[in-house]
Amino acid sequence: MLQRMDGFTLIELVVVLTVTSLLAVLGWPSYQEHRVRSHRLSAQAQMLEIASRQQQFLLTQGRYASQEQLEASGYQLPDALQPLYAYRLSLSSTPPAYTLYFTPRPGSAQFADAPLSLGSDGQRTPPDRW
């Protein structure tokens, strides 16, 4: 007489591994896109914070701060964004205006994403990413 043994059969293990692998393969691109969007939202929040600092500087000094002045006043790109984005501040003096650029760093998860910009007039590019 055959004795029944407890446990999983090889077929059951293969089916579970196949279903798990299929879920992982289908879910990974969605997860990656979610991470890119999340990092982009964090970058946009930082851009708006810089815009707020620029308005305060304009009210007190009559001009916008350069990137060096901004950093000397204590602004620093958050640690989570430093490996993902490089930022640059471009000024024009007449009339006082600035454009802020956040560019994804090569080799980062954000590299495939579009560069972001925000102007002192509120213009945001690319419009489909804001």
Margin query: Can you give the local net charge around residue 129? Use residues other than it whose beta-carbon is closer than 11 angstrom to its beta-carbon, Lys and Arg +1, Asp and Glu -1.
Written below: +1
Check: Once phi is turned into θ = phi - 60°, what whole-Hz ³J(HN,Hα) does the Karplus curve with 6.51, -1.76 and 1.60 give for every residue of the stretch 36-53, x standing for Gly and Pro?
Finding: 4, 4, 5, 5, 5, 5, 5, 5, 5, 5, 5, 4, 5, 5, 5, 4, 5, 4
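Per the helix-only calculation at 222 nm, which mean residue ellipticity applies to the chain, given -39500 (n - 2.57) for every DSSP H run of n ≥ 4 and division by its residues, nearest 500 deg cm²/dmol? It would help to have the intermediate numbers written out before the result.
Working: 2 runs with 58 residues, N = 130.
Result for the chain: -16000 deg cm²/dmol, rounded to the nearest 500.
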Item checked: Phi-based couplings in Hz for the stretch 57-72 (Karplus 6.51, -1.76, 1.60; Gly and Pro marked x) -> 5, 4, 5, 8, 10, x, 7, 8, 7, 6, 4, 5, 5, 4, 5, 5
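Show me the ranking of peptides 83-92, 32-41 by mean Cβ neighbours inside 10 Å, starting with the highest. It would help to have the intermediate numbers written out before the result.
On the way: 83-92: 16.2, 32-41: 13.5.
Top of the packing list down: 83-92, 32-41.
Contact order normalised by length for the chain, with contacts defined as Cα pairs under 8 Å and 6 or more residues apart; what percent is it?
Numbers: 114 pairs, mean separation 22.0, N = 130.
Averaging sequence separation for qualifying contacts and normalising by length gives 17 percent for the chain.
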Next item on the list: Could you pull out every residue, at least 5 positions away or on a different chain, whose amide H is within less than 5 Å of the one on residue 86? Hs are placed 1.01 Å off N in the peptide plane, and Pro or chain starts have none.
Entry: 103, 105
Check: Residue by residue through the stretch 22-31, which ³J(HN,Hα) values in whole Hz follow from phi under the Karplus form 6.51 cos²θ - 1.76 cosθ + 1.60 (θ = phi - 60°), with glycine and proline marked x?
Finding: 5, 5, 5, 5, 6, x, 4, x, 5, 5
Checklist line | Distance from the stretch 68-130 to the stretch 8-59 (C-alpha centre basis), Å | finding: 21
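Every read-out reported here was derived from the displayed coordinates using simple, explicitly stated rules and does not represent laboratory data. Please read these numbers as outputs of a predicted model, since none were measured by experiment. Cβ atoms come from the backbone with ideal geometry, glycine included; neighbour counts cover every protein chain shown.
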